[in-house]
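**Q** After the structure tokens below, expect a handful of questions from me.
The values are calculated or read from the model by the stated rules, or taken from the named source; none is laboratory data. As the structure is a prediction and not an experimental result, all values here were calculated from the model. For neighbour counting, all protein chains shown are included, and Cβ atoms are generated from backbone atoms with ideal geometry for every residue, glycine included. Note: areas computed on protein heavy atoms with side chains; ligands, DNA, RNA excluded. Shrake-Rupley method; radii C 1.70, N 1.55, O 1.52, S 1.80 Å.
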Amino acid sequence: MILSASTLSPPETSCSSPKNSQRSRIGVFDSGVGGLTVLRELYRRLPAESILYFADTARLPYGTRSASEILQFAREILTWMVNQGVKMVIMACNTCSAIALEAVRREFHIPILGLILPGARAAVEQSQRIGIIATPATATSNAYRCAIREINARAKVWQVSCPEFVPLVEQNCINSAYTYQVAQQYLAPLQRKKIDTLIYGCTHYTLLAPVVRTILPSGVRAINPAQHVVAAAEQELELMGVKNTDSPSPTRFCVSGSAGQFAHLSRQWLGCSPKVEKVCLQAAQKRPCL
Ligand code: DGL
């Protein structure tokens, strides 16, 4: 399985000058607000970069979709992002990274980064007993288990799929008693296994960290793969010579569902209400929008 953090694809072979490539946006996508955890890391680590953020809110959650649907969604989003002129794409979605990354890297001539290998590498660095909370599709794919075992065949890995988490985050029910109860149930099997490390195997789940942290013993190390994929993105930009050094353009936020709802929900994670555009991916591909 090819799960490298950075693709070896050559830089785009368009006529744009290196200066233009530097200024081009990095495309970041997820099914919803989960990818904002990656965006926050980008703001922190690569503040000069301009970002195009896309949330496929009309079709979330991805984690209960079939592998062929997830691959199709990833292809549509990447086609649209390439048409927008991005210089790199970060899949801020573990589900897409687990299911679609390998296939789309062969199809698109642009660097595409996923979360699985950066997250697995960070987890294996210091631990032997690793728990993963992930969407049903990511857990079924075994992508994290395989990536971890490729690095350390002796590491013990337990995965729990948490289908209720994404709807709870998207409905802004982070602090409800019900969410706490659901989190307790999901985490109980991992606690019984005495894990020393937990991977947030879905970007939405990182937004539940305040709840998860009150349940797990304080000694359990939490891995947020968003931090590690952004570190890999920085390396890749440097390698390609397209790291931006000028001031960035404001982030462009696009969604496939309700712009107002996304703006309202994301306000708490961004600290301001973003201007959000609704886009139709099918229109970009000359197919009628439903
Ligand atoms: N946040 C995404 C992930 O990391 C997708 C979650 C979903 O839509 O089910 O997997």
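**Q** State in Å² the accessible area per residue of the chain; use a 1.4 Å probe, count heavy atoms of protein chains only, and round to the nearest integer.
**A** On a per-residue basis, the chain sits at 43 Å².
**Q** If you wrap the stretch 33-129's Cα atoms in a convex hull and average its projection over all directions, what's the area in nm²?
**A** Seen from a random direction, the Cα hull of the stretch 33-129 projects 7.4 nm² on average.
**Q** Give the carbon-plus-sulfur fraction of the accessible surface of the chain in %, rounded to a whole number; probe 1.4 Å, heavy atoms of protein chains only.
**A** Answer for the chain: carbon and sulfur cover 52 percent of the accessible area.
**Q** Quickly work out the R44-to-R59 label distance, labels modelled 7 Å from Cα along the C-beta direction, and quote it in nm with one decimal.
**A** The modelled label-to-label distance comes out at 3.0 nm.
**Q** Could you give the Stokes-Einstein D for the stretch 140-195 in µm² per second, using the C-alpha Kirkwood radius, 37 °C, 0.692 mPa s?
**A** D, rounded to a whole number, is 251 µm²/s.
**Q** Take the Cα radius of gyration of the chain and divide it by 2.2 N^0.38 Å, with N its residue count; two decimals is plenty.
**A** With N residues counted in the chain, Rg over 2.2 N^0.38 Å equals 0.96.
**Q** Then there's this: Pulled fully out, how much extra length does the chain show between S247 and A188, if you take 0.36 nm times their separation in residues and subtract their Cα-Cα distance?
**A** Additional length available on full extension: 16.6 nm.
**Q** Sorting H228, H109 by accessible area (1.4 Å probe), largest first, what list results?
**A** Sorted by accessible area, descending: H109, H228.
**Q** About its Cα centre, what dipole magnitude does the stretch 13-113 give when the only charges are +1 on Lys and Arg Cβ and -1 on Asp and Glu Cβ, stated in debye to the nearest 20?
**A** 340 debye
**Q** If you take all C-alpha pairs in the stretch 135-290, what percent of them are over 26 Å apart?
**A** The proportion of pairs with Cα distances above 26 Å equals 45 percent.
**Q** Counting only helical runs of four or more DSSP H residues, what would the 222 nm mean residue ellipticity of the chain come to if each run contributes -39,500 (n - 2.57) and the total is spread over all its residues?
**A** Result for the chain, helices only: -13000 deg cm²/dmol.
**Q** Okay, next question. P61: net charge of surrounding residues, Cβ under 15 Å, Lys/Arg +1, Asp/Glu -1, itself excluded?
**A** -3
**Q** Provide the FRET efficiency to the nearest 0.05 for the Q128-Q181 pair, computing r from the beta carbons and using R0 = 41 Å.
**A** E(calc), rounded to 0.05, equals 0.85.
**Q** As an exercise, use a Förster radius of 22 Å and the Cβ-Cβ distance of N172 and T140 to find the FRET efficiency, rounded to the nearest 0.05.
**A** Calculated transfer efficiency: 0.20.
**Q** How big is the stretch 101-153 by Rg and Dmax over its Cα atoms, in Å?
**A** Computed over the Cα atoms of the stretch 101-153, radius of gyration and Dmax are 12.4, 37 Å.
**Q** Using Cα springs under 10 Å in a Gaussian network model of the chain, which residue among C162, C254, C280 shows the largest mean-square fluctuation?
**A** Checking each option, the largest mean-square fluctuation is seen for C280.
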